[in-house]
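The values are calculated or read from the model by the stated rules, or taken from the named source; none is laboratory data. The structure displayed is predicted, hence computed values, not measured ones. Please note: Cβ atoms are built from the backbone with ideal geometry, for glycine as well, and neighbour counts cover all protein chains shown. In case anyone asks, the SASA skips ligands and DNA or RNA and just uses the protein heavy atoms, side chains included. Shrake-Rupley method; radii C 1.70, N 1.55, O 1.52, S 1.80 Å.
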Amino acid sequence: MGNESMDLILAAREARWNLRKKLSRTYGKPVLSLSMTVPGPDKSAPGVFWALKVISDEVEKTLGSVLSRRSDLDGADGPSVHWVVDLSGKELKKRALAIEESHGLGRIVDLDVLDENGAPLGRSELGFPPRRCLICDRPAKECSYCRRHGLSELLEEIEGILEKSGWRE
């Protein structure tokens, strides 16, 4: 990936983070953010948008009445959806983890939570183990950091997850 592409992705991640913080400050409530965990430079493949829509529909079906404001963002780091939520941050994180753990697409989505004070809530705060790698059973951050698996191997695994969940190009 070239420096220009990486700069665009980093700028888009910062814009996403700033939106989440702004929503948290403005409403004083937890914020749930949905994004895709797709490696490589192409964060906007059709399957990515399809999976984001499937999971955002699941979030809206599952959390319905406690969701208030929704903001969609599409940048170089891929599409994302953000909701202001009328729940405690910890309860929201529990429900988000339940979706990630039970849905067929859960392995390739990220449901991040900022609590009512704008602080990120991670899996470990609720006693959940770190997210596992798509390829092996190690912690995903460990494999990502040392680039243990090739991009094509990861994308092939993601394609398989998409197809098992009903995606057809």
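Things to note:
- Expected 222 nm ellipticity per residue - DSSP helices of 4 or more, -39500 (n - 2.57), all of the chain, to 500: -15000 deg cm²/dmol
- Rolling a 1.4 Å probe across all protein chains gives residue 137 an accessible area of roughly 110 Å².
- Oblate is the label for region 13-121. Its Cα gyration tensor axes, ordered a ≥ b ≥ c, give a/c of at least 1.5 and b/c at or above a/b.
- Computed accessible area, residue 125, all protein chains, 1.4 angstrom probe, square angstrom: 90
- On Cα atoms only, tilt of 151-164 relative to the major axis of the chain in degrees: 60
- Residue separation of residue 98 and residue 110 scaled by 0.36 nm, minus their Cα-Cα distance, works out to 3.1 nm of gained length.
- Inter-site label distance for residue 4 and residue 164 at 7 Å from Cα along Cβ, in nm: 3.8
- Solvent-accessible surface (1.4 Å probe) assigned to residue 13 amounts to roughly 110 Å².
- Using alpha-carbon coordinates, inclination of helix 46-63 to the longest axis of the chain, degrees: 30
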